[in-house]
């Protein structure tokens, strides 16, 4: 079987399976900011494992199941496929192709790093299962012309409780800013109880729903939303805001 074909199969497998294994190939940082004034940015990878790894990297625009050759994104990566020895590092160059992107808001893409372990040797445990491990982090393309401060964007979200599909309750966040707002946690606080609503992000000028777990009745008066925002450097800040309830 050809190596590229094998990597395609492993890409699909890694996209479909979630495991509790830990990656050996580590990406420095939890997100990438790509200023429009720059032609390229670099990302550092490190192989913290004890074995070499074959690595394939690509960028998608939100479809995590798409194969690399199926994607048409305004970025290229160099190198896109390489071998990493134990303890070694590798610099990835992310280059903008020049394809136009919106100048009035951030655009969101995703960096994928697929780590393929080496073939088992005679000394390996025959019962050991080796899995491909895929890491995926955000790339936010930030136009230089944007007004305001990205760090101030989370506080500008408008929150309300709505009845979503199936009659269940959800928190809906509307983002009036030109920045992607990243949320590490979202919860509804009502009548002395805290109801988890997951995590995620809200795109510029868009609304995003966060289903509220275990909430069976409408929130009490004075309910609020508590959310953890993640800034450009991956640091989290907790914010609490009043929440309205849709009729």
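Since every read-out is calculated from the coordinates, none of them should be taken as a lab result. Predicted model only: the values in this text are computed from it and were never measured. For neighbour counting, all protein chains shown are included, and Cβ atoms are generated from backbone atoms with ideal geometry for every residue, glycine included.
Here are the numbers for this structure:
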| item | result |
| --- | --- |
| Most mobile of 165, 214, 48 in a GNM of the chain (Cα contacts under 10 Å) | 165 |
| DSSP bridge orientation in the chain - percent antiparallel, rounded to nearest 5 | 90 |
| Over the chain - Rg/Rh using Cα atoms and the Kirkwood inverse-distance radius | 1.03 |
| Helix 3-16 vs. the chain, principal-axis angle (Cα, 0 to 90°, nearest 10) | 30 |
| Length released on extending from residue 119 to residue 30, taking residue separation times 0.36 nm less the Cα-Cα span | 29.1 nm |
| Efficiency of FRET between residue 70 and residue 245 - r from beta-carbon atoms, R0 41 angstrom, step 0.05 | 0.45 |
| Highest-MSF residue in the chain out of 105, 138, 147 [GNM, Cα springs under 10 Å] | 147 |
| Fully extended contour minus Cα-Cα distance, from residue 214 to residue 135, at 0.36 nm per residue | 25.4 nm |
| Inter-site label distance for residue 46 and residue 99 at 7 Å from Cα along Cβ, in nm | 3.3 |
